[in-house]
Amino acid sequence: MDEYNNEKTSRVLGIYTRLLDGHVVTKAEESERYGVNERSIQRDIESLRTFLADQHLEQYVIYDRKLQGYRLAGGEARTLSNSEILAVCKILLESRSMRRDEMLPILDKLISCAVPEASRKAVTELVANEKHLYIEPHHGRYILPGLWDLGQAIADHRVIEITYERMKEPKLVQRRVKPVGIMFSEYYFYLTAFLEDKSTFDNPNDLFPTIYRIDRIRSFKVLDETFQVPYKDRFQEGEFRKRVQFMYGGRLQTVRFTYTGPSIEAVLDRLPTAEVISEHDGEYEVRAEVFGTGIEMWLRSQGEYVNLHTDSKGVS
């Protein structure tokens, strides 16, 4: 009897797993798979239906006459839809954020684990050309090793020592920092962290974190020292992200400008804190709260569409 129950349990779990993966199950195929008659498979499906009802999982095994088999309905799908996985793959490829030998395995694993078997070939073919032509970032550095350790240091509020290659005058510098976030923007991953010693900085009283490109961190060491999150009432990663452009840090400021370009929506998407103060004949007066000098790069890129107001000023 125990052997019979074990075999039945194994069949029911196998059928349930295939249903979760988006397969359509038929009694004929399952009876051949397990070497039992179709009446046994029917009883297995009824047992599975009873279990799902008793557990209140909001999942139902239904017979689909069009597909001529059983499928799972209701509940949250374990796999991504074709559109969802295609969107994720396109975003990853367009980000160009990692070396080829880091990016492509991630895409392959996503398709293998998150796409129903029946759709994998089609999804794979849709992204195959972009995978073949993928251009990796010029820095050529590995990003994934150490990324999780940095994330854990942030979660545990641990001080880290980093060896960092500066951009303006290429040389290695040593820093002790209090990490508070990992962010991504414009092809690169960044570590946001509060620097312990700001004596050599232009604005040592700056209350906001410094931004470090992770590919420029040559090495780091997580220390046993912990810290209280600096200025926790003033710093939130999501709010910081809204206000920083091109990952250029600096003082918090309010800018006002006039925009006469073709898409005010693009401006509002580029600057999440922006608000339209007024509009007249396609001329928009916009105000936004931003950090640092990165906003200047974006404003210059808009050419004659943008006119910066001279009364824009920093805010505390």
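Bear in mind that the values in this text are calculations on the coordinates, not laboratory data. Note that the structure is predicted; figures quoted are calculated from it, not measured. Don't worry about glycine lacking a Cβ; one is built from the backbone with ideal geometry, like all the others, and counts go over all protein chains shown.
Assorted remarks:
- Arranged from fewest to most other beta-carbon atoms within 10 Å of their beta carbon, 276, 177 become 276, 177.
- Available extension along the chain between residue 39 and residue 73 is 10.0 nm, counting 0.36 nm per residue and deducting the alpha carbon span.
- Checked against a 19 Å cut-off, the cross-linked pairs 27/109; 8/66; 178/221; 27/121; 66/121 give Cα-Cα distances beyond that limit for 27/109; 8/66; 27/121; 66/121.
- Distance (nanometres) between label positions extended 7 Å along Cα→Cβ at residue 49 and residue 95: 4.4
- Net charge of the neighbourhood of residue 96, taken over other residues with C-beta under 15 Å away and scored Lys/Arg +1, Asp/Glu -1, is -1.
- Charge tally in the Cβ shell below 14 Å around residue 13, where Lys, Arg are +1 and Asp, Glu are -1, residue 13 excluded: 0
- Burial order of peptide ranges 162-170, 40-48 (average beta-carbon count within 10 Å, highest first): 40-48, 162-170
- When the GluC sites (Glu not before Pro) in the stretch 76-140 are filtered for DSSP coil states and for at most 16 other beta-carbon atoms within 10 Å of their beta-carbon, the remaining sites are 76.
- The spacing between the stretch 126-200 and the stretch 26-57, judged by their C-alpha centroids, is 51 Å.
- Theoretical FRET efficiency, 1/(1+(r/R0)^6), r = Cβ-Cβ of residue 21 and residue 58, R0 22 Å, to 0.05: 0.75
- Length available on full extension from residue 6 to residue 130: 0.36 nm per residue minus the Cα-Cα distance, which gives 39.9 nm.
- Sequentially through the stretch 284-294, phi angles give Karplus couplings (6.51, -1.76, 1.60; θ = phi - 60°) of 10, 9, 10, 10, 9, 9, 9, 9, x, 9, x Hz, Gly and Pro residues having no value and appearing as x.
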